[in-house]
Amino acid sequence: MSRLSEHHKTLTEGKGKCSVPMWVNGLPAGFCDRDAFGFRPECRGWRHPHPGDLIRDDGKYSGHISGLACIGHGGPKCPGIEIEPGVFSGCDQSAGDCPTCGK
């Protein structure tokens, strides 16, 4: 299995890489590596009675995440553009020039 790199654990200029392990035919195949903007938030959950899988109350991905998470694996959305210190606008309002995610 690949090692967890620094860009899977820390944000650089607001962006990192998703640290969810990927598998092919039961063998390790690296990490998701999509853009990630933070860690998956904690959430209550319950165990499914038959297989014993953890089901999160918010319905997001409940598998193992050892660092940052992309939106698809339950991580936060891109915070967007910082208009002034501590004030952000969503990147969907940036008309395609968000400096954080490039969208």
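The values are calculated or read from the model by the stated rules, or taken from the named source; none is laboratory data. None of the values given here were measured: they were computed from a predicted structure. Every residue, glycine among them, receives a Cβ derived from its backbone with ideal geometry; neighbour counts consider all protein chains shown.
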Count of residues meeting criterion [out of contact with any strand residue (DSSP E or B) (no Cβ under 6 Å at 6 or more places or on another chain), among the β-branched types (Val, Ile, Thr) and either modelled with pLDDT of 80 or more or within 22 Å of residue 16 (Cβ to Cβ) (or both)] in the stretch 69-97: 1
Set 2, 66, 62: member being buried (at least 16 other Cβ atoms within 10 Å of the Cβ), at pLDDT below 85 and in a loop (DSSP other than H, G, I, E, B): 62
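For the stretch 5-47, which positions are of a type in the set (Ser, Thr, Tyr) and surrounded by fewer than 15 Cβ atoms within 10 Å (Cβ to Cβ)? Quick ask: steps written out before the conclusion?
Keep residues of the stretch 5-47 that are of a type in the set (Ser, Thr, Tyr), which gives 5, 10, 12, 19.
Of everything in the stretch 5-47, those that are of a type in the set (Ser, Thr, Tyr) and surrounded by fewer than 15 Cβ atoms within 10 Å (Cβ to Cβ) turn out to be 5, 10, 12.
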Residue under evaluation residue 64, criteria (1) without any contact (Cβ under 8 Å) to a residue 40 or more places away in the chain; (2) farther than 27 Å from residue 102 by Cβ, criterion not met: (1)
Candidates 33, 57, filtered to the one that is farther than 29 Å from residue 99 by Cβ and without any contact (Cβ under 8 Å) to a residue 60 or more places away in the chain: 57
Within the stretch 20-30, considering residues that are touching a residue at least 24 places away in the same chain (Cβ under 8 Å) and more than 21 Å from residue 76 (Cβ to Cβ), the one nearest to the chain's Cα centre (by Cα): 30
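Of the residues that make up the stretch 39-53, is at least one more than 13 Å from residue 72 (Cβ to Cβ) and of a type in the set (Lys, Arg)? Step through it out loud before you land on a result.
Taking the stretch 39-53 first, the residues more than 13 Å from residue 72 (Cβ to Cβ) are 39, 41-53.
Next, only the ones that are of a type in the set (Lys, Arg) stay: 44, 47.
Within the stretch 39-53, one or more residues are more than 13 Å from residue 72 (Cβ to Cβ) and of a type in the set (Lys, Arg).
Yes or no: residue 74 crowded, with 17+ Cβ neighbours inside 10 Å and without any contact (Cβ under 8 Å) to a residue 60 or more places away in the chain?
yes
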Positions within the stretch 5-56 being closer than 23 Å to residue 80 by Cβ, hydroxyl-bearing (Ser, Thr, Tyr) and assigned to a loop (DSSP other than H, G, I, E, B), in sequence order: 10, 19
